[in-house]
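Since the structure comes first, as structure tokens, the remarks are kept for the end.
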2 protein chains.
Amino acid sequence: MLSYKESHTLILNNVSRFIDLTELEKQKYISLLSEIKVKKKGFLMQAGEVTQYEYFISKGCLKVYTLDEDGAPHISMFAIEDYWTGDISSFMTKEPSRYYIKATENSELLGISRANYDVLFQEIPKFEKFYRILYQRSLISYIRRSNHGISFTAEERYINFKKKYPQIVKRITQKDLAAYIGITPEFMSKIITKVNRK
Amino acid sequence: MLSYKESHTLILNNVSRFIDLTELEKQKYISLLSEIKVKKKGFLMQAGEVTQYEYFISKGCLKVYTLDEDGAPHISMFAIEDYWTGDISSFMTKEPSRYYIKATENSELLGISRANYDVLFQEIPKFEKFYRILYQRSLISYIRRSNHGISFTAEERYINFKKKYPQIVKRITQKDLAAYIGITPEFMSKIITKVNRK
DNA sequence: TAAAAGTCTTAAACTAGTTCATTTTTTTTC
DNA sequence: GAAAAAAAATGAACTAGTTTAAGACTTTTA
């Protein structure tokens, strides 16, 4: 029985939630991953590039966002330890991404390249199941979120986010939270003042 | 070479976009499906029930929606021929659904039950790949849509929807479109008048 | 550790979208 | 094919969220 470095243990635990791997498969899987570090304010990728990796975060915090025609950011997700991130659309189609991924803390990631993603399915077909379930679960939460944005007021969306992701709220700026909730930083400030007053 | 009924040809074509099945596998797959008909205004399922099936629409049009505390509907998708629908969350967790699915036209569907979904993966593991890709693609469009709702004005959302789904716009009421876009029917009416005037 | 840059707060004037009420038009039903 | 029901249009008064601008507070950087 080998012993793994911290980041590898973390990703193997993540994978083992949905599928069981033999020791050999674990080693094979890890051999397909690259280690990546990004400093705070550094970019993991920028709009216009074709995504090279899907990422697993072993340490840190990142934001995934687009810029609209006015240059205003719209954050689509915050990713912290034990989360997966990237631009699955660009990763699959090999077309240029519209997203930026920027570290809001010094971060460490494991990445699987597009080529190795294909190798993975050939060598360990079980990973079809892993990704089937991973995408299924992400899909459930995005279906919910896509209704959320149009069905709730900004104040309700803030309260829900804070309840669901208390650890994340503490690690990000109010301004970034506003860009995620879909309002101006000024209105975010008003909401927080109002909610705390209660 | 067998010949299949229309709905079966349609679903086999859909599946064959992502995986290749042998003749035997096709027959096995079809044996796991149930045929379902719903009349216009009829419910395929209602909130509070545990979802029994995932559905493929071979004919007709349906809307998937929740009701908020005020009883106002929020439509999360319209499903027409060659689309998949259901409540994937309730289907997987076996918890009661919060969704209603109602036919807006007389419709015909093929359903796979939760039990047969598990059998399917055991007997034809290739379907892990099919669902991996199906969920991946749905995920891409829901990620996009979840930003959409908070990043664009109602008028922009309407224009985008009309451009992307011109066939659907023609088949649904303005009121239902409003419940999808996330605005009141009155404001939807104003937007349409304004956009057509241009 | 001082200066610079970025974040947060507050407030006044504005705009997108809601609510409520009424009338007209279209669709459904018997 | 007439009556009933539902959908669409219109308008006036309202509310949630934006814009712009300025000052206070915090964090980053040299």
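Mind checking which residues of region A:3-42 are over 13 Å from A:LEU110 (Cβ atoms) and among the aliphatic types (A, V, I, L, M)?
Listed by number, the residues that qualify are A:ILE19, A:LEU21, A:LEU24.
Please pick out the residue among A:ARG132, A:ARG98, A:ARG137 that is within 29 Å of B:LYS94 (Cα to Cα), within 11 Å of another protein chain (Cβ to nearest Cβ) and open to solvent by 20 Å² or more (accessible area, probe 1.4 Å).
Checking each option against the conditions leaves just A:ARG137.
Kindly indicate whether B:ILE143 is surrounded by 14 or more Cβ atoms within 10 Å (Cβ to Cβ), more than 9 Å from every other protein chain (Cβ to nearest Cβ) and of a type outside the set (D, E, K, R).
no
Considering region A:54-97 alone, what residues qualify as being under 30 Å from A:GLU186 (Cα atoms), of a type in the set (A, V, I, L, M, F, W, C) and touching a strand residue (DSSP E or B) at 6+ places or on another chain (Cβ under 8 Å)?
Answer for region A:54-97, where residues must be under 30 Å from A:GLU186 (Cα atoms), of a type in the set (A, V, I, L, M, F, W, C) and touching a strand residue (DSSP E or B) at 6+ places or on another chain (Cβ under 8 Å): A:CYS61, A:LEU62, A:VAL64, A:LEU67, A:ILE75, A:MET77, A:PHE78, A:ALA79, A:ILE80.
Among the candidates B:SER3, B:SER58, B:SER31, single out the residue that is of a type in the set (S, T, N, Q) and surrounded by 13 or more Cβ atoms within 10 Å (Cβ to Cβ).
Just one listed residue meets the conditions, B:SER58.
Which of the residues that make up region A:170-194 are part of a helix (DSSP H, G or I), within 11 Å of DNA strand C (Cβ to nearest atom), without any contact (Cβ under 8 Å) to a residue 60 or more places away in the chain and surrounded by 12 or more Cβ atoms within 10 Å (Cβ to Cβ)?
Correct list: A:GLN174, A:LYS175, A:LEU177, A:ALA178, A:PRO185, A:PHE187, A:MET188, A:SER189, A:LYS190, A:ILE191, A:ILE192.
Within region B:116-165, take every residue that is in contact with a Leu (Cβ under 8 Å, 6 or more places away or on another chain) and under 30 Å from B:MET188 (Cα atoms) and give me the one that is nearest to DNA strand D (Cβ to nearest atom).
Looking at residues that are in contact with a Leu (Cβ under 8 Å, 6 or more places away or on another chain) and under 30 Å from B:MET188 (Cα atoms), I get B:TYR158.
Is it the case that A:ARG157 is touching a His at 6+ places or on another chain (Cβ under 8 Å) and among the basic types (Lys, Arg)?
yes
For region A:78-95, enumerate the residues that are part of a strand (DSSP E or B) and open to solvent by 30 Å² or more (accessible area, probe 1.4 Å).
The answer is A:TRP84, and nothing else.
Between a first residue in region B:1-24 that is within 20 Å of B:GLY60 (Cα to Cα) and a second residue that is surrounded by 10 or more Cβ atoms within 10 Å (Cβ to Cβ) and modelled with pLDDT under 95, which pairs have beta carbons less than 7 Å apart while being 6 or more apart in sequence or on different chains?
The qualifying pairs are B:LEU12/B:TYR4.
Does B:TYR165 fit the bill of being buried (at least 18 other Cβ atoms within 10 Å of the Cβ), within 25 Å of A:ILE150 (Cα to Cα) and within 16 Å of the chain's Cα centre (by Cα)?
no
Does region A:146-157 include one or more residues that are open to solvent by 10 Å² or more (accessible area, probe 1.4 Å), within 12 Å of DNA strand C (Cβ to nearest atom) and away from chain B (no Cβ under 14 Å)?
no
B:LYS170 is checked against (1) away from DNA strand D (no atom under 16 Å from the Cβ); (2) within 20 Å of B:ASP82 (Cβ to Cβ); (3) over 16 Å from the mean Cα position of the chain (by Cα) and fails just one. What number does that condition carry?
(1)
Looking for something farther than 26 Å from B:ILE124 by Cβ, more than 17 Å from the chain's Cα centre (by Cα) and open to solvent by 10 Å² or more (accessible area, probe 1.4 Å) - is there at least one such residue anywhere in region B:36-49?
yes
It is to be established whether one or more residues within region B:103-123 are buried (at least 19 other Cβ atoms within 10 Å of the Cβ) and in a helix (DSSP H, G or I).
Yes.
The values are calculated or read from the model by the stated rules, or taken from the named source; none is laboratory data. What you see is a predicted model, and the numbers here were worked out from it, not measured in a lab. Cβ: placed from backbone, ideal geometry, glycine included. Neighbour counts: every protein chain shown. Please note that ligands, DNA and RNA were not included when accessible areas were found on the heavy atoms of the full protein model with its side chains. Shrake-Rupley method; radii C 1.70, N 1.55, O 1.52, S 1.80 Å.
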